[in-house]
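Heads up, the thing below is written out as C-alpha cells.
The values are calculated or read from the model by the stated rules, or taken from the named source; none is laboratory data. Computed from a prediction, not measured in an experiment: that's the story for all the values here. Methodologically, a virtual Cβ is constructed for each residue, glycine included, from the backbone with ideal geometry; neighbour enumeration extends over all protein chains shown.
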Amino acid sequence: MLYYYHHQSEICGPLSLEEIRDKVADGELPPDVQCCEEASEAWIEYSEIGSGNIQRMTPVPPPLPDFKKCPFCAEEVRLEAQKCKHCGSSLQAPPILDLREIQYKEARLQRLPDGKFNCPMCGSSKTDCRKDVGCAIGIIIFISFGIGLIMIPFLPYACSCEACGHKWKS
C-alpha cells in the first residue's frame with residue numbers, strides 16, 4: 001500500500017509505509033507527519049496508521065501560494081508586490097473612471113496640439129516634448145559660453161504623454 005505525506009507545506013509521495021517509517025526513524029520527518037492512503041482523501045497522523053483509530057483524522061489545509069504570475073510578462077512575483085520586478089508593470093488595478101471623467105479627458109486631449117513625437121507606450125500624438133537643458137547648464141559653466149551654446153541643438157528632449165502619462169527622453 002502506498003501513502004502520501006504532508007511536510008513543510010508540500011504533499012510528497014507516494015511511498016510505502018516502510019519508506020515513511022525509515023524517514024521518521026532518520027529524523028527527516030516528524031513522528032506526527034500527516035499521511036494519506038493513495039486512493040483516499042483522509043489524512044491521519046503516521047503514528048495512527050494501522051491502529052484503527054480513525055477519530056483523530058486531521059485535514060491538511062492546502063498550501064497557500066506565495067506567488068502570482070504577472071499579467072504582462074507571465075513571470076512569478078510575490079502576492080504582496082505592487083510592481084513586477086521583471087518588467088516594471090503595475091500590478092494594482094487601475095482606478096475606475098466614471099463617464100464624466102472619461103468624456104472630460106477625451107475632450108481635453110482633442111484640444112491639445114500634436115506633439116513632436118508619438119508616445120512609445122500608447123502611440124498617442126498628444127505629447128509634450130521640451131529640450132532637456134539640465135545638462136546644458138553644466139556644459140555652459142565648465143566650457144566657455146560660446147562653445148556651450150553650440151551643444152543645445154544636440155540635447156535630448158524630455159517628453160511626456162498627455163494621454164497615458166508616460167515619460168521618456170528622445
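The residue that is nearest to residue 168 (Cα to Cα), among those in segment 107-129 that are aliphatic (A, V, I, L, M) and modelled with pLDDT under 85, is 121.
The set of residues in segment 1-16 that are without any contact (Cβ under 8 Å) to a residue 40 or more places away in the chain, within 24 Å of residue 65 (Cβ to Cβ), of a type outside the set (Gly, Ala, Ser) and assigned to a strand (DSSP E or B) comprises 4, 7, 12, 14.
Summed over segment 108-117, residues that are out of contact with any strand residue (DSSP E or B) (no Cβ under 7 Å at 6 or more places or on another chain) and either exposed (fewer than 11 other Cβ atoms within 10 Å of the Cβ) or not aliphatic (A, V, I, L, M) (or both) total 5. If you go through segment 82-107 and pick out every residue that is without any contact (Cβ under 8 Å) to a residue 12 or more places away in the chain and either surrounded by 12 or more Cβ atoms within 10 Å (Cβ to Cβ) or not hydrophobic (A, V, I, L, M, F, W, C) (or both), you end up with 15.
Does at least one position in segment 17-29 carry a residue that is part of a strand (DSSP E or B) and within 36 Å of the chain's Cα centre (by Cα)? Talk me through it step by step, then tell me what you get.
First, pick out the residues of segment 17-29 that are part of a strand (DSSP E or B): none.
No, segment 17-29 contains no residue that is part of a strand (DSSP E or B) and within 36 Å of the chain's Cα centre (by Cα).
Listed by first and then second residue, the pairs linking a residue in segment 21-45 that is loosely packed, with under 12 Cβ neighbours inside 10 Å to a residue that is in a loop (DSSP other than H, G, I, E, B), with Cβ atoms under 6 Å apart and 6 or more places separating them unless they lie on different chains, are 42/57.
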